[in-house]
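Each remark here refers to the structure printed beneath this line.
Coordinate-derived values only; no laboratory data. Keep in mind that what you see is a predicted model, and the values were worked out from it rather than measured. Note: ideal-geometry Cβ built from the backbone for every residue, glycine included; neighbour counts use all protein chains shown.
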Amino acid sequence: MRAVNLIPAAQRGSGGSAVGESQGAAYAILGVLAGLAVLAFLYGSARHQISSRRTQAATLTAQAQQAQAKATALAPYVSFAALREQRTQAVSQLVDSRFDWSHAFHELGRVLPPGVSLSSLDGTIGSAVAAAGAPASASATTAAAGATGSATPPGSVPTFTISGCATSQAEVALMLTRLRLIDGVGDVKLQSSTKGSSGSRGGGGGAGSSGSCATSAPVFTVQVAFQPLPSVQATSAAAVTSNASTAQSNGSGTAR
Amino acid sequence: MTGRDRIVVTVIGALAVLAAAWLLAVSPERKQAASLNAQVSAARAQLATAEGQLANARAAQQQYSAAYTSIVSLGKAVPASQEVPSLIYQLAQASNRKQVEFASIATTSGGGSSGSAAATAAASAASSGFSQMPFTFVFNGSFTDLYNLFQQLNRFTVRTSSGGLQVSGRLLTIQSTKLAPASSSEPAKGGATRLTGSVTATAYVLPASQGLTAGATPSSPTGAVASPVSSAAPQSPTTPAIVR
């Protein structure tokens, strides 16, 4: 059976039946309209966003200004709190930078042999540079001294110069050994130990007091150098612990 | 013009219309919306900052009373003026408590009696800290009593276990001590040898520009009438400035 094309010959082969008479203009117009609709939606959405964001920004700015104004009004309180913090810190630094003389004396009294009498004890806190045997880090920490204005800045080396007499040179040697046991001692140096013949020396003033020394007892001078005073940061934690036991009595108050 | 050309022209025209609409209307609006988003973010950040500052300020306001108390308490350790009489009183009280004789006090610079110390104390100002007032004290007592006294002097201002400061007297930094047998032959208690202890110590004074409370009153940091330094803290020797 033979197929028959019923389409008129004029309209065959154009393939543009969908285009029709308008040559596709209708589709173009529809496409443009659809595109414009999308654009209109995007435009409207953007306009709405602009409007709401403007309102939001204005509200937030107003709230921020209000909060700022309130904060400004309360600024003196903040300044006062800062002053308190600054002052507390400064006093804390000064407290932490002190050398514990009483502890050093207590230790000295504890370690002195019974056969040793002291005639004088001279304790000073010298500069890190002048002190012999001070670690190199000591001079570096001295720079921090100006910040706190402490009379005993970090890096300073406490030194005891002890003079007295002993019952024998062996006692002097024992004393030198035991002085090294003092908490925080860095160096013990014997300056002299002379067995003389003149009378009336010593005075028995020390913790190991045993009265006046014999005429022939050796007279000595010893220098005890402690570890350089540590920086404030290092001492803060330690000071809290060591002074915990002292925080009592006297009806004293606490500044926090 | 063929049918295909017409279609191409029509499509190009449609695209041109859409592109023009995008470029002239939609795109600027979207850009503006984006910039407003940035503005909103900035405003939010500004608000957060302001609220943080306000919270800090409110906290400071709530703690003002405690801060004022602390400042006044610290004034006992580091007063705004030299306060030599109260220092002498504290030293005398401490030495009495430790059975040590408080023999003398002198300024390191010139040496004078306790009376002239107030007038002559040369305060060497530290660059950014407190002014220093060097003194030399002389005490007489036994070795044990003297080191107990040194402990007492340190305890005027100490750290607490919580990290705070406990202030019951003047902050002193002992720089040197010299112990030697006392010239008098009178023995100390318990028959111990009587020693003379010379102590070089430094007391501290607030910078003159600050004042004790920087013009604050117990009720407000911006008190209309700035409290005189001496009246802001209980500086009387008989009423120690101890506040918790």
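Based only on other Cβ atoms within 10 Å, what is the fewest-to-most ordering of A:D183, B:D5, A:D100?
Exposure proxy ranking, most exposed first: B:D5, A:D183, A:D100.
Check which residues have an amide H placed less than 5 Å from B:G215's amide H, if you skip close sequence neighbours.
B:S227
Net charge around A:A71, counting only other residues with Cβ within less than 9 Å of its Cβ (Lys, Arg = +1; Asp, Glu = -1)?
Net of charged neighbours comes to +1.
When B:Y68, A:Y27 are ordered from fewest to most other Cβ atoms inside 10 Å of their Cβ, what list results?
A:Y27, B:Y68
Using each residue's phi in the range A:82-92, evaluate 6.51 cos²θ - 1.76 cosθ + 1.60 at θ = phi - 60° and report the 3J(HN,Hα) Karplus result to the nearest Hz, with x for Gly and Pro.
Residue by residue, the range A:82-92 yields 5, 4, 4, 4, 4, 5, 4, 5, 5, 5, 4 Hz.
Calculate one ³J(HN,Hα) per residue across the range A:32-40 by plugging θ = phi - 60° into the Karplus curve 6.51 cos²θ - 1.76 cosθ + 1.60, and present them in order as whole Hz with x for glycine and proline.
Going residue by residue, I get 4, 4, 4, x, 4, 5, 4, 4, 4 Hz, with x marking Gly and Pro.
Cut-off under 16 Å on the C-alpha distance; same-chain residues fewer than 8 positions from B:K178 excluded. Which aspartates and glutamates are left, in chain and number order?
Filter leaves A:D100, A:D122, B:E101, B:D145.
Quick one: which residues, 5+ away or cross-chain, put their amide H under 5 Å from the amide H of B:S104? H built at 1.01 Å from N.
It is B:V138, by chain and number.
For peptide A:217-228, how many partner chain Cβ atoms fall within 10 Å of a residue's Cβ, on average?
0
Would you order B:I71, A:I29 from fewest to most other beta-carbon atoms within 10 Å of each residue's own beta-carbon?
Ranked by crowding around the Cβ, least crowded first: A:I29, B:I71.
Provide the per-residue ³J(HN,Hα) series for the range B:46-57, in order, calculated from phi with Karplus coefficients 6.51, -1.76, 1.60 and θ = phi - 60°, each as a whole number of Hz, with x at glycine and proline positions.
Those phi angles translate into 4, 5, 4, 4, 5, 5, x, 4, 5, 4, 4, 5 Hz.
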